[in-house]
Structures are given as C-alpha cells and as structure tokens.
Amino acid sequence: MRFGRLYVSPLLLLILLFFIAVDASIYAPLIILAAAFHEMGHLSTLKKCGLDVQEVNLHPFGVEIVVEGLRYLPYHDELAVAASGPLVNLLVAVVTTLVVLLTGPFDGALFFIVVNLALALLNLMPIQGLDGGRILEALLMPRMSLDRAERTLKAVSGAASALVFVAGLWLLYKTRYNFSLAMIGCYLLARKSLRDNADPS
C-alpha cells in the first residue's frame, strides 16, 4: 500500500531522538508504534474512499495528510476516516490483550495496551482538531444549519478541552509528578483560543 511522499519535521526528529536517548527501554518505540498504527488506520480508510494520498507530513503535534485534488469529502467518508485511527488503536489493544491471555505476558505488553487505549480515548474526545471533533462535525453538519453546527462544535470542544485540563491538574495533584495530561489540556485550550481568534464568528 503506497501513500506518496513522507515528510518528517526536524523538530519531531529531535524530540524522538531525545526520548530514545533518555529512555533506553522499549517504551518510546512502543509509543511510536501505537501512533503509527493510528495513522495507518486513517490512511487505509482514505485509500478505501478512493482518494490518492499525495503526501504525509509528520509534525510534533499531529499529522497532515495531503490528498490530491481533494475539495470536499462527503460526511459519511469524513466520519469513517476520522473514526478509523482510534478504532485501529482499540483493535490493537484488544489483539494484544488476547495474545497476552493466550501466550502469557511479555515485556511492554501492558504498557502497549494502555498506550493504544489512551491514544484512542484521547482522540475520540469531541474537540476540534482531534478525531472526535471531526466525528462530531460530520454528525452535526447534515442535521442542522452551518451556523448552529459551528456554535455547537465550539461549545462542546471548549468544554471538553477544559475537562482535560482539570483532569490533568487533578492527576498532577494526586501523583505529584505526572503533568502530561495537564500539558495536553493546556495545548488544547491554547489551540482553541488561537482557532477562535482566527475565526471570531
């Protein structure tokens, strides 16, 4: 299965090299593998929709997929493409769990299951820019006016972003060291603010 050119941001390469350098365990490669499964889900569905993926750009905060000649994607196709990434992560988590049950635990198995579940659940949150936001948009747009759908999407996205941030603060308070979820919440709120400022409507 071919997907065209692959571009990896130099900043992303530096981040990956940093994590591999400071973490000699298999955890960093397992995170990368889970993320790769996620993106392969999106790419495979795009191909099944008959679209020619021209370029895949990997950035520190996401993946940009360039599709040749794409101007409009029907809502049912958009829904399938958005859902396919998290669904692949859920499937990988289930398959890994079955392998553990059949053959016994192996190094990194539990971590790999948790990472895939976390990646799926986070991306399914109804937040603009995440797969869940795209799913919500594909569900709202055919059922209400454009203006009402956009207002609803912004409201739900803001509430969900704030929820992630509050959950991150609670996790930091409980663990005294785990600030990863709080950082994700900060990033989501900051991105929402930038998006709202760019589109004041």
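The values are calculated or read from the model by the stated rules, or taken from the named source; none is laboratory data. All of these numbers come straight from a predicted model, not from anything done at the bench. All Cβ positions, even for glycine, are placed from backbone atoms using ideal geometry, and neighbour counts span all protein chains on display.
Determine which member of the set Pro142, Pro86 is closer than 20 Å to Val63 by Cβ and in contact (Cβ under 8 Å) with a residue 12 or more places away in the chain. Reasoning before the result, please.
Working: Pro142 fails: closer than 20 Å to Val63 by Cβ.
Of the residues listed, the single one that is closer than 20 Å to Val63 by Cβ and in contact (Cβ under 8 Å) with a residue 12 or more places away in the chain is Pro86.
The residues listed here are Leu91, Leu51, Leu43; of these, the one that is within 16 Å of the chain's Cα centre (by Cα), over 28 Å from Ala190 (Cα atoms) and at pLDDT 75 or above is Leu91. Take the residues in region 108-129 that are within 15 Å of Ala160 (Cα to Cα), touching a residue at least 60 places away in the same chain (Cβ under 8 Å) and within 9 Å of the chain's Cα centre (by Cα); name whichever of them is surrounded by the fewest Cβ atoms within 10 Å (Cβ to Cβ). The selected residue is Gly129.
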